[in-house]
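None of the figures in this text is laboratory data; all of them are computed from the coordinates on show. Note that the coordinates shown come from a computational prediction; the quantities given were computed from them, not determined experimentally. So basically every Cβ, Gly included, is an ideal-geometry build from the backbone, and we count neighbours across all protein chains shown.
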Amino acid sequence: MASDRAMRTETRASGRAEDGASTPLLDVRGLGVRFGDRRTGMEVVSGVDFHLMRGETLAIVGESGSGKTVSGKALLRILPKGASVSAGTAMFAGRDGRPPRDLLALSRSDMRAVRGGSISMIFQEPMSSLSPLHTIGDQTAEAVRLHTDLRGAAVRDRCLEVFDQVGFPDPARAYDAYPFELSGGLRQRAMIAMALVCGPDLMIADEPTTALDVTTQAQVLDLIKRLQKDMGLAVILVTHDLGVVANMADRVVVMRKGRVVETGTTEDILERPGHGYTRALIAAAPELPVGKPVHHGGVPDPIFWARNLSKTYAGRRSGIGAAAPEIKAVRNVELAVGRGETMAVVGESGSGKSTIAKLMLRAEEPDAGAEVGFKGADGEVLDVTALSGAALKAFRARVQIVFQDPYASLSPRMAVMDILTEPLRVHGKGGDRERRERAAEMMRKVGLSPEHLSRFPHAFSGGQRQRISIARALMLEPELLVCDEPTSALDVSVQAQVLALLKELRDEMGLSYLFISHDLTVVADLADRVAVMRRGRIVEEGPATLLFENPQHPYTRALIAASPEPDLSRRLDLAAVARGAGEPETWPEPFAYSGDQAPGLVEVAPGHFVRCAA
């Protein structure tokens, strides 16, 4: 035990193969990465050691800025401009029969042959990694032509074979599709197909499921596991999600500030962590269920509500003269947020949850017949659907929004001072001095230093940027915040910090939240009540603890079952979870329905409603 523990400590985490007769597929020693030159630059990765055996999954975990993604890119020699490998070796022994070669010392031409051929990589955000100007087929075929001897029709045939392998429902259609025409899950499948089309020995997966809902995440993870078994593929999984680690990894490397602090089997790391930082990461990971007081009955003093809320979009025409089919994104939704409470709306991508927020904020117009109301602290009741001009502008000052992506929602051309004071300028509130003072006050309130107001967004981490987004939303002293996936782009410890901040602000300022999320563990930690959406309808709604501990609807149960947790005793059956709850037509009685013939919501306990036949 003592020697095993020593192997996993910061100073001795060498990660050499336990079996000396086995040659690792990849053996990394003393990896260092520097940004800038040797004299004035900064060492962002230092002394990183780990190994990977054939067919094994190694997870590299850590917070944003820990060096995990940079380490992966260094192995493929695709570091960003200004960064360079400063030390170390990375001995790679592919199936080509050659002796192990140092990836960090290969010539550019030899490295190009390895990259995309023997080693491939899938990235966190497919939309920024795929070319919007080329079809999925063209981009996949390019890799085949570069790394194999296939030509002509054989290239297309190979691509279609892999598209079928990764689970595209219609491979031929996917071949001719552009990235924007695919859902998030299908775009990630396209990335996996490109990574696997040349039969690599090793795939580096950088946060491959971060932006996906739990069911789609399970589908992608199940796909990676299945392909790994079929192809004998080794995987380096770069992630901050310890629930994914528990379900995927054989061994784990924990990184902090560019160094490996602990390494070992998944069981050792999750059940017997030796380093304080590892223990902190595990403690920060939310789990289901989360015990909290159960509020029975109706909504306490509603501040924001919607009735008969629907939204219909015109679909794309399928041919010349063909009628465009309608897409019903939201169907007759009734929803209310109580004063001082957090109402969460959860569901898979495409369920309509974000559309509800847009409709209630009048960012989009609902179908005729909808009612959206707002009751301010002064007792005034507003018919939001009837507002226009100055009245609508005044309403929007009282209801602000925090967006999902802190990298996209802050202008890179504006200093933080200008970002924070802009809402006050737009609404004509205060003079320059008052605005600056308010900005400094909000920075302090969200845990940042006012001294950084002159900086630009690129100088801040993801968690800090989201704090700035929250500060901006608070500048006008709103009564309600709409939070649209505000933590999905953040690692677990930063996510926990942002959730703690939201709770603190809610209690201190009397805020109400409409919280949109696909992450059930986040919702369980923050929400008072939860509405679960499927295909534009609420299928279950109730107090958070009651809903998570005693879900009644098969779709709610499927979502909860699909949520990965850092608990080895509660590993998911990924194949079963990936199938989800199925379509409403396939649900058991009394929950099944088809088309528009949905049953109503039935109260099965005080404040707990389920869509089913009475």
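Averaging Cα coordinates gives a centre for segment 541-579 and one for segment 174-251; these two points are 21 Å apart.
If you take all other residues with their beta carbon under 13 Å from the beta carbon of S449, and give Lys and Arg +1 and Asp and Glu -1, the sum is +2.
Summary value for the chain: 15 percent relative contact order, contacts being C-alpha pairs under 8 angstrom separated by 6+ residues. Between the beta carbons of E603 and A283, assuming R0 = 35 Å, the FRET efficiency works out to 0.40 to the nearest 0.05. Annotation: the residues I327, I204, sorted from fewest to most other C-beta atoms within 10 Å of their own C-beta, follow the order I327, I204. Size of segment 54-181 from its Cα atoms: along the principal axes, largest to smallest, the extents are 45, 37, 29 Å. The convex hull of the Cα atoms of segment 301-435, projected and averaged over all directions, covers 11.8 nm². With a Förster radius of 41 Å applied to the C-beta separation of H452 and D102, the computed FRET efficiency comes to 0.50.
Can you tell me how segment 401-493 classifies by the Cα gyration tensor, rounded, prolate or oblate, using a/c under 1.5 as the rounded cut?
Numbers: a/c = 1.77, a/b = 1.37, b/c = 1.29.
Judged from the Cα gyration tensor, segment 401-493 comes out prolate (a/c at least 1.5, a/b above b/c).
When you filter the trypsin sites (Lys or Arg not before Pro) in segment 59-126 for DSSP loop state and at most 13 other Cβ atoms inside 10 Å of their Cβ, you are left with K81, R95. Spatially, segment 483-513 and segment 79-157 are offset by 39 Å when compared through their Cα centroids.
Based on the alpha-carbon gyration tensor of segment 475-614 and its eigenvalue square roots a ≥ b ≥ c, which shape applies: rounded if a/c is under 1.5, prolate if not and a/b is larger than b/c, or oblate? It comes out oblate by the Cα gyration axes.
With a ≥ b ≥ c taken as the square roots of the eigenvalues of the C-alpha gyration tensor of segment 211-252, please select rounded if a/c is under 1.5 and otherwise prolate if a/b is larger than b/c or oblate if it is not?
Details: a/c = 2.25, a/b = 1.21, b/c = 1.86.
Taking the square roots of the gyration eigenvalues as a ≥ b ≥ c, segment 211-252 is oblate.
Between L146 and S461, the modelled labels are 3.3 nm apart [label points 7 Å from Cα along Cα→Cβ]. Considering only alpha-carbon pairs that sit under 8 angstrom and 6 or more positions apart, the relative contact order computed for segment 43-141 is 16 percent.
Taking every alpha-carbon pair within the chain, the share separated by more than 32 Å comes to 53 percent. Counting 0.36 nm for each residue step from A575 to E334 and taking away their Cα separation leaves a gain of 83.3 nm.
Below 14 angstrom from the Cβ of A397, what's the summed charge of the other residues (Lys, Arg +1; Asp, Glu -1)? It works out to a net charge of +3. Within segment 387-428, the trypsin sites (Lys or Arg not before Pro) that combine a DSSP coil assignment with at most 15 other C-beta atoms in a 10 angstrom radius are R413. Charged side chains reduced to their Cβ positions (Lys and Arg at +1, Asp and Glu at -1) give the chain a dipole of some 1780 debye around its Cα centre. Kindly express, to the nearest 10 degrees and within the range 0 to 90, the angle between helix 184-196's C-alpha long axis and the longest C-alpha principal axis of the chain. Rounded to the nearest ten degrees, it is 10.
Rg over Rh for segment 520-589 works out to 0.96, using Cα positions for both radii and the Kirkwood form for Rh.
What FRET efficiency comes out for S84 versus E267 if R0 is 41 angstrom and r is the Cβ-Cβ distance? Round to the nearest 0.05.
Working: r = 37 Å, r/R0 = 0.89.
E(calc), rounded to 0.05, equals 0.65.
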